[in-house]
Amino acid sequence: MRWCVVFVLWLANVAAVWAQDVQPKLEVTFEENETVPGQPLTLRLTVLVPTFMPDPPMWPDFETPNLMVRLPSKASSPTSKSIGGETWSGISRRYQITPVVPGTFEIPAGEVKVRYRALEGSDVVEASLPVPAQTVTGVVPEGAEGLDPFVAADRLTLTQTVEGETTGLDAGASFTRVLEVKIEGVSPMFLPSVTPEEGLAGLRAYLESPMAEETENRGVVSGSRVEKTVYVVEGGVDGVLPEVRLQWFNLKSGKVEEAVVEAIEVQADAPVLASNAEPLDVDNIVRWGAALVAFFLVVWAIVRWGMPVLHRSWERAQERRLQSAGYAYSGIKAAMQKRDLSAAKQAYLRWARKVPLAGQKTEKAIEEAFLQIGAARFGNGSATEEARAWAQLKTLCHSKHRETRYRHDTKTPDLPPLNPVSTHQN
């Protein structure tokens, strides 16, 4: 009798271990958590399941003040791993975490939501995998403590272009100063403004919005920042626009360097004031003023009473169009054209709520087509199998559209979920 009890306990323990082993697994890789501000660190999350995932996992965003979180090109990729003698499928996602300023910052804990096919049957199971909090530190290198603002890069150049003459100018003349900073190994968003704030008497400055351009080559970020200022002569000018200096830390040499462009000499004669100006025509000004007032009154009346009516009519028409079954069907066709599985599921659910149910065979075939696409994309299926499943889904949706577009049921039954045991919708 005692041996029977021991055997039953052993079986229960084995079953518990087996049940624990087939749960989804999350691997978090964060090898380095300390870097120079502006230089990215890599955080990798890998989700593994014993079968396959019909949908991509729902990843956390990790948005944190003073940290720039971005997804590099090809951030997500399929993977697999042997666990307990069985091949588990999975998806790995790579984040680039970059401290914007020096200091220590904490990435809050999060979770990854995953849906996967059960080991037995066709049920889809949901699970939430916790992601522990992480700490990131931005450290200023030795010797660069005095840099303000702090800029670190593999390479940095500062160039200047002057468009137009800057001496011998008359009143109303203008010229343009263009300053361009090119940087390698860091995003141009970390570059400060380099245009001097101080100007010259008699010279008005018009600073255009800076233009930043970023590129990425094999994971290395580079870019440029261009600042253009137009200077217009308003009076006598005799002086220089100051030189521009930008100190930065060279990550390759480990030294502080300085980029410099020279000052610009500016000279302009004083403007000549008109002495024989004609007197103002007061009557003409009054007539034009009265006409403008009348015009604005008419415009105000149209805006006050006419526009709200037109706006409401337009909004009702737009609402009817957006709520129509035809508009919903165009959404699923667009998603299928792009082969976007998540968008296709959401569009299908929206469309299916607006039309009657098709035949049971068609509804079941559509659900199976979605599962086949997920199995081919995130499981062990081939690209040919996935393409075949997309073609089948397109044909089935078209058949349902033809079957239901002219039916006018007084009540449309609720659509059953694409995966019967799951309440999750993409």
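The values are calculated or read from the model by the stated rules, or taken from the named source; none is laboratory data. Just so it is clear, the structure is predicted and the values come from calculations on it, not from any experiment. Because the Cβ atoms are built from the backbone with ideal geometry, glycine has one as well, and the counts that use them run over all protein chains shown. Heavy atoms of the whole protein, side chains included, go into the accessibility calculation; ligands, DNA and RNA do not. Shrake-Rupley method; radii C 1.70, N 1.55, O 1.52, S 1.80 Å.
What pairs come up if the first residue lies in segment 373-401 and is closer than 28 Å to S92 by Cα, the second is among the acidic types (D, E) and not in a helix (DSSP H, G or I), and their beta carbons are under 8 Å apart, counting only those six or more places apart or on different chains?
What qualifies is G374/D55; F378/D55.
Name the single residue, out of those in segment 135-161 being free of Cβ contacts under 8 Å to residues at least 40 places away in the same chain and among the acidic types (D, E), that is nearest to E243 (Cα to Cα).
My answer is D148.
Considering each residue of segment 58-83, count those that are farther than 29 Å from T104 by Cβ and either open to solvent by less than 30 Å² (accessible area, probe 1.4 Å) or in contact with a helix residue (DSSP H, G or I) (Cβ under 9 Å, 6 or more places away or on another chain) (or both), and give that number.
Looking only at that region, the number is 2.
Here are some residues: P78, P72. Which one is of a type outside the set (F, W, Y), assigned to a strand (DSSP E or B) and in contact (Cβ under 8 Å) with a residue 60 or more places away in the chain?
P78
Return only the number of the condition from (1) touching a residue at least 24 places away in the same chain (Cβ under 8 Å); (2) over 21 Å from T51 (Cα atoms); (3) of a type in the set (D, E) that D340 does not satisfy.
With respect to (1) touching a residue at least 24 places away in the same chain (Cβ under 8 Å); (2) over 21 Å from T51 (Cα atoms); (3) of a type in the set (D, E), D340 is out only on (1).
Quick one: in segment 81-97, of everything that is among the small types (G, A, S) and under 15 Å from V28 (Cα atoms), which residue is nearest to the chain's Cα centre (by Cα)? Please lay out each step first, then the result.
Keep residues of segment 81-97 that are among the small types (G, A, S), which gives 82, 84-85, 89-90, 92.
With under 15 Å from V28 (Cα atoms) added as a condition, the list becomes 90, 92.
Numbers: G90: 24, S92: 19 Å.
Residue satisfying both the conditions and the ranking: S92.
Kindly indicate the residue of segment 184-219 that is assigned to a strand (DSSP E or B) and touching a residue at least 40 places away in the same chain (Cβ under 8 Å) and also nearest to I97 (Cα to Cα) among those meeting that condition. Let's see the steps before the verdict.
Pass one, segment 184-219, residues assigned to a strand (DSSP E or B): 184, 203-207, 211-217.
Restricting the remaining residues to those that are touching a residue at least 40 places away in the same chain (Cβ under 8 Å) gives 203, 216.
Working: L203: 44, E216: 16 Å.
Checking each candidate, the answer is E216.
Tally time: how many residues in segment 220-251 are outside any strand (DSSP E or B), more than 24 Å from G38 (Cα to Cα) and open to solvent by 40 Å² or more (accessible area, probe 1.4 Å)?
Counting residues in segment 220-251 that are outside any strand (DSSP E or B), more than 24 Å from G38 (Cα to Cα) and open to solvent by 40 Å² or more (accessible area, probe 1.4 Å) gives 3.
Being open to solvent by 60 Å² or more (accessible area, probe 1.4 Å), out of contact with any strand residue (DSSP E or B) (no Cβ under 7 Å at 6 or more places or on another chain) and either farther than 24 Å from M189 by Cβ or of a type outside the set (D, E) (or both) narrows it down to one of E86, E126, E111, so name that one.
Answer to the selection: E86.
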